[in-house]
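Have a look at the structure below, then the notes.
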Amino acid sequence: MPIGEFGGVPRLPGDGSPAFSTGLYWFYEMGQAALNPSRALADVTKLYFKNPLNPLSHTTIGKSIAAGAEMFERSTRRYGKPDWRIESTLVGAERIPVHISTVWERPFCNLLHFERTFEHPPRRPQPKLLIVAPMSGHYATLLRGTVEAFLPNHDVYITDWVDARMVPLSEGRFDLDDYIDYIISMFHRLGGDCHVVGVCQPSVPVLAAIAHMEAMNDPYVPHSMTLMGGPIDTRINPTAVNRLAEERGIGWFRRHVITKVPFPHPGVLRDVYPGFLQLNGFVSMNLDRHLDAHKELFFNLVKGDGDSAQKKREFYDEYLAVMDLTAEFYLQTVETNFVHHALATGTMMHRGAKVDPAAIRNVALLTIEGEKDDISGLGQTEAAHTLCVNIPASGKSHYVQPGVGHYGVFNGSRFRSEIAPRIADFVLTNNGKKSGRVPVMPAA
C-alpha cells in the first residue's frame, strides 16, 4: 500500500491476511518462474516475425504478431536496475567526458560522483551538489534527467539506494533514523562545502538531518537545501493517498503489505515492502494512461515507427524497474510523515533527540512545488518555511511551477527550462554564505 511518495493503492490478491502477505513474495517468485518458458517462446516468435528474410515480416499480420509477442514479454518480465547512460555533458561549447564513481559506500546506499574531466577549467564556479534521490520504489536512475540538467554547471553527487532484497540479513536493519544518519555522513564526506537537493520523499529526512546537525553545531552543514515536492506537512491540502494513511493506521500496513524476501535472493528472510506491490500502486493510480501508452506502443511497432516506440520502451524500462524497501524504513516513514505528521507538529525524534527545524540558521532554503501535484499537495513543501523560523528572509525562497504534476517537478521540459535554472541561481547566490561561527567538530 504505497503512501504519498511511495505511490498509490495496490490491489492485493487474496484476502490480505497476515499469513497471505507473508507468502506473497514466494507466490510472486513462483509466478515469475512459471512464465519463463512463455517469455522465451515470445522472444523466439518476435525474432521469427521480425526477420527480414521471413516474407510475413513485411505484412501487417506478421508485424502484429511480432508486436504482440514483444508486448507480452515486456509486460511479464522483471526489469533490472537501469544504467545511467551518462557519458558526457556540454559545458559551454565543449563536450566534457563524465566518469561515474562510488565515493562513499554503506550496505543500503552508495554515493555516486559524476566526475567531469576538463581540459580547460571553467571560469564559473562549479558548486558541489548532492541530489538525494527518493527511496520509494524506483531506482535513482529515475533522476537521470535531473542529473543531466545540473551537470553543466555543478559538481554532481547522488544517492544510489540499494535494493533491500540484495542486502543480507547480516548487514542489520535500515530505518528512517539510519537514513538520516546516512545523509549526515554524506555531508561529512563532502566537507560541508556543498548544496543539497531533496527530491520528493527525502525532503523530510534531509530537513531533519540538517536540523540535527545545526542543533549540534556541526560545521559540515551544506550552504543551501532545496526541497522539491516533499511531504513536509501532509495536513495541508491532503491528497487521497495522504488521507489513506490516517484512515488505515500503521497496523494495517504492517499486516497487509510487509513480506519476507524469498530464496535465492541475498536478502532472504528480510522483512520488506516489495517492489512489485509498489509497482502495482504506481500503475493503478493512472491505469487508463498506462493502458493507452501500451496500446500506442503496440500500434507504433506495427506501423514501424521506431523512434516513437523506442521512447516508450525507454520510459517503461525505467518506470517498471522497482526495488524493495526494508519494512522498518517504510513503516517508520509512513507513521512519522503521514500518520503522526511528526516533523510538522514538533514531535519527530532522531536517536532520542527532538528534531527542531528552528535550529537551522546557517542553511538557505528553497522549496519547489508543482501546481498539479497529486502526490504532495500544494503547500505541503512550502510548510518548511514556517518550521525554519530562524533562517533569514534573505535566505528563503519558494516557487510553484504552473502546469506540472509530481513528476514534472524534477524532470521534463519545464523542469529543464524553468525549475533547474532557478535552483542553479539559488545555489550560486548562496555558495559559501554560512555564518562565521566557530564550529564544534562532531563526534566521529
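The values are calculated or read from the model by the stated rules, or taken from the named source; none is laboratory data. Here the structure is a predicted model, which is why all the values come from computation and not from measurement. In this analysis, Cβ positions are derived from the backbone assuming ideal geometry, glycine residues included, and neighbour counts consider all displayed protein chains.
A few notes on this one:
- Just one of the listed residues (Val197, Val261, Val272) is out of contact with any helix residue (DSSP H, G or I) (no Cβ under 6 Å at 6 or more places or on another chain) and aliphatic (A, V, I, L, M), and it is Val197.
- With respect to the conditions (1) out of contact with any Leu (no Cβ under 7 Å at 6 or more places or on another chain); (2) farther than 23 Å from Val409 by Cβ; (3) at pLDDT below 90, Phe253 falls short on a single one, namely (1).
- Residues in region 233-255 that are crowded, with 16+ Cβ neighbours inside 10 Å and hydrophobic (A, V, I, L, M, F, W, C) were compared, and the one that is farthest from His341 (Cα to Cα) is Phe253.
Condition check ((1) more than 23 Å from Ile236 (Cβ to Cβ); (2) over 20 Å from the mean Cα position of the chain (by Cα); (3) buried (at least 18 other Cβ atoms within 10 Å of the Cβ)) across all residues:
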site: Tyr273; (1), (2), (3): yes, no, yes
site: Leu277; (1), (2), (3): yes, no, yes
site: Leu297; (1), (2), (3): yes, yes, yes
site: Asp305; (1), (2), (3): yes, yes, no
site: Val322; (1), (2), (3): yes, no, yes
site: Thr347; (1), (2), (3): no, yes, no
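- Residue, surrounded by the fewest Cβ atoms within 10 Å (Cβ to Cβ), within region 371-389, restricted to residues that are under 18 Å from the mean Cα position of the chain (by Cα) and modelled with pLDDT under 95: Asp374
- A Cβ distance below 9 Å, combined with a sequence gap of six or more or placement on separate chains, defines the contacts here; from region 38-50, residues that are among the aromatic types (Phe, Trp, Tyr) reach residues that are not in a helix (DSSP H, G or I) in the pairs Tyr48/Asn54.
- Pairs, first at positive phi in region 200-212, second among the small types (Gly, Ala, Ser), C-beta under 7 Å, six or more apart: Cys200/Gly229; Cys200/Gly230; Cys200/Ser376
- Residues that are part of a helix (DSSP H, G or I) and within 17 Å of Tyr330 (Cβ to Cβ), drawn from region 172-190: Leu176, Asp177, Asp178, Tyr179, Ile180, Tyr182
- All positions within region 85-95 that are in contact (Cβ under 8 Å) with a residue 24 or more places away in the chain, under 16 Å from Glu119 (Cα atoms) and not small (Gly, Ala, Ser): Thr89, Leu90, Val91, Glu94
- Region 1-55, residues that are hydrophobic (A, V, I, L, M, F, W, C), out of contact with any strand residue (DSSP E or B) (no Cβ under 6 Å at 6 or more places or on another chain) and either at pLDDT below 90 or under 30 Å from Leu244 (Cβ atoms) (or both): Met1, Ile3, Phe6, Val9, Leu12, Ala19, Phe20, Trp26, Phe27, Met30, Ala33
- Output for region 399-444, where each listed residue is exposed (fewer than 15 other Cβ atoms within 10 Å of the Cβ), modelled with pLDDT of 95 or more and over 29 Å from Tyr319 (Cα atoms): Asp425
- For region 381-420, residues that are in a loop (DSSP other than H, G, I, E, B), closer than 20 Å to Glu148 by Cα and β-branched (Val, Ile, Thr) total 1.
- Residue pairs meeting the criteria (Cβ under 7 Å; at least 6 apart or on separate chains; first under 13 Å from Gly62 (Cα atoms), in region 294-307; second surrounded by fewer than 13 Cβ atoms within 10 Å (Cβ to Cβ) and of a type in the set (Lys, Arg)): none
- Summed over region 235-276, the residues that are of a type in the set (Phe, Trp, Tyr) and part of a helix (DSSP H, G or I) give a count of 3.
- In the set Glu70, Glu119, Glu148, only one residue is buried (at least 21 other Cβ atoms within 10 Å of the Cβ), of a type outside the set (A, V, I, L, M, F, W, C), on the phi < 0 side of the Ramachandran plot and not in a strand (DSSP E or B); that residue is Glu70.
- Restricted to region 76-93, and to residues there that are of a type in the set (D, E, K, R) and surrounded by 13 or more Cβ atoms within 10 Å (Cβ to Cβ), the residue that is nearest to Pro274 (Cα to Cα) is Arg78.
- Some residue of region 142-152 being closer than 18 Å to Pro205 by Cα and at pLDDT 95 or above: no
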